[in-house]
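Peer 1: Below is a structure I'd like to ask you about.
The values are calculated or read from the model by the stated rules, or taken from the named source; none is laboratory data. Source: prediction; values computed, not measured. Using ideal geometry, Cβ is built from the backbone for each residue, glycine included, and neighbour counts are taken over all protein chains shown. The area values use the complete protein model at the heavy-atom level, side chains included, leaving out ligands, DNA and RNA. Shrake-Rupley method; radii C 1.70, N 1.55, O 1.52, S 1.80 Å.
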Amino acid sequence: MKRLVFLASFLVLTALSAAAAHTANVSASVDRTRITDGETLTLTVTIEGGKGEVNVGGIRDFEVASRGTSSSYNMINGNVSSQTAYIFTLVPLKKGHLVIPPLPVETGGKTVYTEMIPVEVGDSPRAGGGADTETADAFTQLSVSGDSPFVGEQITCRFSLYNAVPIANAAVSKAPDFPGFSAEKLTDNRSYSKIVNGRRFDVTELVYVLTPEQAGVHVIGPATISCDLVVRTAPRSRSRFDSFFNDPFFGGGQSLQPRRLTADPVTVNVRPLPEYKGAEPFSGLVGEFSIAAEIGQTELAEGDSCNIAVVISGRGNIKSAAAPRFDFPAAFKVYEDTPTEDVTVGETGVSGKKRFPAALVAVSPGKYTVGPFSLTYFDVKRNAYATISTAPIDITVKPGGKRQPDAVAGDNSSDGEKMSPPVRKQAVEFTGHDIFPVKPDLSALEHARPVPLTLFLLMTGGPFVLYGLAAAVMSRVRRKTGDATLMSRRSRAALKEARRDRLTAEARLDLLFKAVVYAVYARAGRKGESLTYREARQLLTDNGCDETIAEKSSRLLEEIEQARYGGRAVDQDFMTRTLASAGTLIRRIVP
């Protein structure tokens, strides 16, 4: 019996040695070579007779996401064979004839290349923005509130994501382009539910307010969102040779499918404003507006002053509103103040008001009429120019103690004189005797040596400069210390979370990568979320970290990146070793 066991073991070891000595065969295949826009395909790189590392960095026409590995061993008639498959999901970045180039695979100390694979990506049936809404679980759409606005007439553009199933990791990979427009994005996204062809979709919208700047035909978009669809998968039997990555994402029959959802572009025909032939000057405003005048008081004494303001309100390009023409009677001196605005950006566009204040000084008694003040704009509701005016204001100036204004630069008085607002003068009154005795001659004066200008400036400005420098240094130190503490906490929290066995290997690697990156930022006293391994090494070196530690940290980040995206095999030994290395390095980076 012992001889039989020995003989069987010998045969198995001989077969395994022969298989290892044989050059591994490498091949690449896809589940299909013709797909439609928005669909994904699965790329499988198979290594027969060994393991290796697959470099997918040369793929340019697709977004690549690793989906792990699977391994199998077979023994037939005493011959042992092994096979390792590296699985990737590819999302096309464009339509047309795309190519998966030959991929370098390192195995057995050699580099072997796979064959090139052509892929055809065609149009999918479209329904209002990039997908077949009758069958798609998610799609995107671009829409505008008006497709033929005038120059200066505001419209809104909505970039909408519709999803009938849960999604994860949604991000705008390509924002819409707005040639010929000035664009302002609303800070808050809009979310609601909508029934499309009998299905309920959750809708998330990005809203932009657009102002056409040039007449002509302009194309808005396209725009793209990348996300993962959470889909149900059928339960399957598991082999003890399966990789961590082949587990269902939520452990209960669900997985993530990457999607790249592209919204079709929208064409907008911007019309020029019609020729203006009115008598009043055109303000350049386009939209819906009103004008009003406000005054503090209508009865003044000669020499008194009051405040007056013209307020333009409405919706449109109100930020471009200029001061109206102030045409006051010569009986008033006018002092214009700085305009103020109260403007908000909402789903209907830019709206609010702009206020143009001024001060009036009455210089002659009598009864006068101020205004009306006029505004000519283009009314988008009537598609015509409109002129609106304020009501005239009657002001009575009573005779009083007339004051002589002093000259001042910048006064726009009608008589061309440079005058300042008048100041009331009071007679000097004798209130009592001097506190100190009066000196009768010049001998009481003492000569004082003049202070040098440099010393004077140093004595007066020095304390302020020193205070400013001290405040800046303290602020920088506090900010750097606070950021370092925050990033250090994040690093240790991510490392602690990565040690939990219940997580998938992909999630644990992601946490380990973040833990090391956070530690690097903590060492630098800065906030951050992502780094390349080369940037991490440079940042550690620049902040006084030992070069050996910097090099080890960079190498660890590179290994984790290869495991996450390069198809490197991940087993329990690799995970244990990576956890230990990360913990040691983090303690060395952030003492």
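Peer 1: Of the residues in region 1-51, how many are among the hydroxyl-bearing types (Ser, Thr, Tyr), modelled with pLDDT under 85 and surrounded by 16 or more Cβ atoms within 10 Å (Cβ to Cβ)?
Peer 2: Matching residues across region 1-51 total 1.
Peer 1: Checking ARG577 against (1) among the charged types (D, E, K, R); (2) open to solvent by 40 Å² or more (accessible area, probe 1.4 Å); (3) within 33 Å of the chain's Cα centre (by Cα), which test does it fail?
Peer 2: Of the numbered conditions (1) among the charged types (D, E, K, R); (2) open to solvent by 40 Å² or more (accessible area, probe 1.4 Å); (3) within 33 Å of the chain's Cα centre (by Cα), the odd one out for ARG577 is (3).
Peer 1: Give the residues of region 518-563 that are under 30 Å from LEU90 (Cβ atoms), open to solvent by 20 Å² or more (accessible area, probe 1.4 Å) and over 26 Å from the mean Cα position of the chain (by Cα), sorted by residue number.
Peer 2: ARG555, GLU558, GLU559, GLN562
Peer 1: Could you list, in sequence order, the residues of region 52-72 that are more than 36 Å from the chain's Cα centre (by Cα) and surrounded by fewer than 17 Cβ atoms within 10 Å (Cβ to Cβ)?
Peer 2: From region 52-72, those more than 36 Å from the chain's Cα centre (by Cα) are 52, 70-72; that's our starting set.
Scanning region 52-72 gives SER71, SER72.
Peer 1: Here's something else I'd like to know. Would it be correct to say that THR390 is hydroxyl-bearing (Ser, Thr, Tyr), in contact with an Asp or Glu (Cβ under 7 Å, 6 or more places away or on another chain) and either in contact (Cβ under 8 Å) with a residue 40 or more places away in the chain or under 25 Å from GLY278 (Cβ atoms) (or both)? Steps first, please.
Peer 2: Numbers: hydroxyl-bearing (Ser, Thr, Tyr): yes; in contact with an Asp or Glu (Cβ under 7 Å, 6 or more places away or on another chain): no; either in contact (Cβ under 8 Å) with a residue 40 or more places away in the chain or under 25 Å from GLY278 (Cβ atoms) (or both): yes.
It is false that THR390 is hydroxyl-bearing (Ser, Thr, Tyr), in contact with an Asp or Glu (Cβ under 7 Å, 6 or more places away or on another chain) and either in contact (Cβ under 8 Å) with a residue 40 or more places away in the chain or under 25 Å from GLY278 (Cβ atoms) (or both).
Peer 1: Being in a loop (DSSP other than H, G, I, E, B) and under 15 Å from GLU294 (Cβ atoms) is the filter; apply it to region 329-350 and report the residue that is modelled with the highest pLDDT.
Peer 2: Looking at the filtered set, the residue picked out is PRO339.
Peer 1: Mind listing whichever residues of region 136-149 are open to solvent by less than 20 Å² (accessible area, probe 1.4 Å) and assigned to a strand (DSSP E or B)?
Peer 2: Listed by number, the residues that qualify are ALA138, PHE139, THR140, LEU142.
Peer 1: Right, here's the next one. Of the residues ARG259, ARG325, which is among the basic types (Lys, Arg), touching a residue at least 40 places away in the same chain (Cβ under 8 Å) and not in a loop (DSSP other than H, G, I, E, B)? Can you show your working first?
Peer 2: Working: ARG325 fails: not in a loop (DSSP other than H, G, I, E, B).
Selected residue: ARG259, the only one of ARG259, ARG325 that is among the basic types (Lys, Arg), touching a residue at least 40 places away in the same chain (Cβ under 8 Å) and not in a loop (DSSP other than H, G, I, E, B).
Peer 1: Further, regarding this structure: For ALA582, state whether it is at pLDDT below 85, in contact with a Leu (Cβ under 8 Å, 6 or more places away or on another chain) and not β-branched (Val, Ile, Thr). Don't jump to the end; show me each part of the working.
Peer 2: Working: at pLDDT below 85: no; in contact with a Leu (Cβ under 8 Å, 6 or more places away or on another chain): yes; not β-branched (Val, Ile, Thr): yes.
Considered against the rule, which asks whether it is at pLDDT below 85, in contact with a Leu (Cβ under 8 Å, 6 or more places away or on another chain) and not β-branched (Val, Ile, Thr), ALA582 comes out as no.
Peer 1: How many residues are in contact (Cβ under 8 Å) with a residue 60 or more places away in the chain, more than 17 Å from ARG325 (Cα to Cα) and in a strand (DSSP E or B) if we restrict to region 356-383?
Peer 2: Of the residues in that region, 4 qualify.
Peer 1: How many residues does region 163-197 contain that are small (Gly, Ala, Ser), under 30 Å from VAL270 (Cα atoms) and loosely packed, with under 11 Cβ neighbours inside 10 Å?
Peer 2: Of the residues in region 163-197, 1 are small (Gly, Ala, Ser), under 30 Å from VAL270 (Cα atoms) and loosely packed, with under 11 Cβ neighbours inside 10 Å.
Peer 1: Separate question: Could you please give the count of residues in region 163-194 that are at positive phi and not in a strand (DSSP E or B)?
Peer 2: 1
Peer 1: Then there's this: Identify the residue in region 198-214 that is assigned to a strand (DSSP E or B) and of a type in the set (D, E, K, R) and, among all such residues, is surrounded by the fewest Cβ atoms within 10 Å (Cβ to Cβ). Walk me through it before giving the result.
Peer 2: Kept after step one, since they are assigned to a strand (DSSP E or B), are these residues of region 198-214: 199-212.
Now restrict to residues that are of a type in the set (D, E, K, R): 199-200, 202, 205.
On the way: ARG199: 14, ARG200: 9, ASP202: 16, GLU205: 17.
Looking at the filtered set, the residue picked out is ARG200.
Peer 1: While we're looking at this one, here's another question. Inside region 263-308, can you point out the residues that are surrounded by fewer than 17 Cβ atoms within 10 Å (Cβ to Cβ), in a strand (DSSP E or B) and under 40 Å from the mean Cα position of the chain (by Cα)?
Peer 2: THR267, ASN269, ARG271, SER290, ALA292
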